[in-house]
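The values are calculated or read from the model by the stated rules, or taken from the named source; none is laboratory data. Note that the structure is predicted; figures quoted are calculated from it, not measured. Here the Cβ positions follow ideal geometry from the backbone for every residue, glycine too, while neighbour counts run over all protein chains shown.
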Amino acid sequence: MVLIAEAPIAAETVRRWLPLAQDGLHDPANPALRLLQEPSVALSRLPSDRVGNQVNWVAALEGGHINPRTNILPESRVRMIDLDILLNLRGGTPIVRFPHRQHTLWLDCSNCHEHLFKSKAGANKFSMERILKGEQCGVCHGAVSFPLTACERCHNTPRNKPPPAAAVRGS
Amino acid sequence: MSTGWKAVAIAAVLSAGVLALSDGLGEARAEYGDVVMNNYSDAAGMRPAVFPHWFHRVRFRCKVCHSDLGFKFKAGGNEINMLKIIDGQFCGACHNGSVAWSVENCDLCHSAKPGTPTQVHESTINLLGGAEAGPAGAAATSPGGGRASATGKK
């Protein structure tokens, strides 16, 4: 498999979002459509991406462009963890360095553990076929978080370099 | 600049503009992650409901709905109906006139073209060939679990 390096987004890249009435999904006959926020109004002010909503959502959060609420129930414990896991250690494609930090900015531990992924390093058997079918990482990647065509964002660590010491070796 | 070159330059600018427009606006392309829910809408004579992920994640982290409120990661998999919403479950946790608009604003959520199937717009499964491409019965049923993928009409 040949991975094509992702071209950086040029500063002058023009992003366009279709008006709701023209997006093929919303009913243009709906009189309430004009009351809804247009994607261009909300998204044009956020950091660029070339895929998905054309927004780098992690950069938007980390850069303070947005400050989404962490909970709606006052008793909820907001849990975050900073731990990288190295995956795909024996595959042909570059190693996957999975960052818990960026994921727990958005998600709770229980969203993935233990039904999607076992917490024990090496206990999970990953498969791109399953991911492409919407399982494992594909529950979100390919549906709402950056799509599966951005291979190098997950397969982000060259195999010939010694893995960073801070990361836990998975499977 | 000679008149000839000016004409060429103007023609180039115009054709680039036409190309840019036809590139973006010619195709039907709703926002990535837009969820359509049509479990009951068509049968009830309502437009299917659209849930725009992009709008909500500007304001709420995923965990608010998928952990606090128990939304499964599966389009159409939560079997939401208006009774549950009015009871304060699912969308009704916010869409109660307090955090967000309340249920009498039907058309604000029920805004998709009639007949649009339940799906996650632009999802890999949609692009791979629609609902039939998805694994049958692969959805997890635990709270906060499941998968966000196209399921087709129920």
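Observations on the structure shown:
- Residue in region A:88-106 that is without any contact (Cβ under 8 Å) to a residue 40 or more places away in the chain, among the hydrophobic types (A, V, I, L, M, F, W, C) and facing chain B (nearest Cβ under 10 Å) present: no
So that you can scan it fast, the table gives a plain yes or no per residue for (1) among the aromatic types (Phe, Trp, Tyr); (2) closer than 21 Å to residue B:55 by Cβ:
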| site | (1), (2) |
| --- | --- |
| A:60 | no, yes |
| A:76 | no, no |
| A:106 | yes, yes |
| A:111 | no, yes |
| A:140 | no, yes |
| A:144 | no, yes |
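- Residue A:58 being closer than 16 Å to residue B:57 by Cβ, modelled with pLDDT under 95 and under 21 Å from the mean Cα position of the chain (by Cα): no
- A single member of A:118, A:125 is in contact (Cβ under 8 Å) with a residue 40 or more places away in the chain and either assigned to a loop (DSSP other than H, G, I, E, B) or surrounded by 13 or more Cβ atoms within 10 Å (Cβ to Cβ) (or both), and it is A:125.
- Of the residues in region A:70-82, not one is acidic (Asp, Glu) and in contact with a strand residue (DSSP E or B) (Cβ under 6 Å, 6 or more places away or on another chain).
- Considering region A:130-147, the residues that are surrounded by 21 or more Cβ atoms within 10 Å (Cβ to Cβ) and within 7 Å of another protein chain (Cβ to nearest Cβ) include one that is farthest from residue B:58 (Cα to Cα), namely A:134.
- Residue match in region B:71-82 (condition: farther than 17 Å from residue B:50 by Cα and of a type outside the set (Val, Ile, Thr)): no
- Residue match in region A:88-100 (condition: touching a helix residue (DSSP H, G or I) at 6+ places or on another chain (Cβ under 7 Å) and surrounded by 16 or more Cβ atoms within 10 Å (Cβ to Cβ)): yes
- Verdict on residue A:80 being closer than 24 Å to residue B:123 by Cβ and aliphatic (A, V, I, L, M): no
- Condition check for residue A:83 on (1) crowded, with 16+ Cβ neighbours inside 10 Å; (2) in contact (Cβ under 8 Å) with a residue 60 or more places away in the chain; (3) more than 15 Å from residue B:63 (Cβ to Cβ): one failure, at (1).
- Qualifying residue in region A:105-114 (condition: more than 19 Å from residue B:65 (Cα to Cα) and either surrounded by fewer than 16 Cβ atoms within 10 Å (Cβ to Cβ) or within 12 Å of the chain's Cα centre (by Cα) (or both)): no
- Residue within region A:131-150 that is more than 22 Å from residue B:66 (Cβ to Cβ), part of a helix (DSSP H, G or I) and in the same structural domain as residue A:102 (by TED's automatic domain parsing) present: no
- For region B:119-130, the criterion of being closer than 20 Å to residue B:50 by Cβ, more than 11 Å from chain A (Cβ to nearest Cβ) and modelled with pLDDT under 95 is met by at least one residue.
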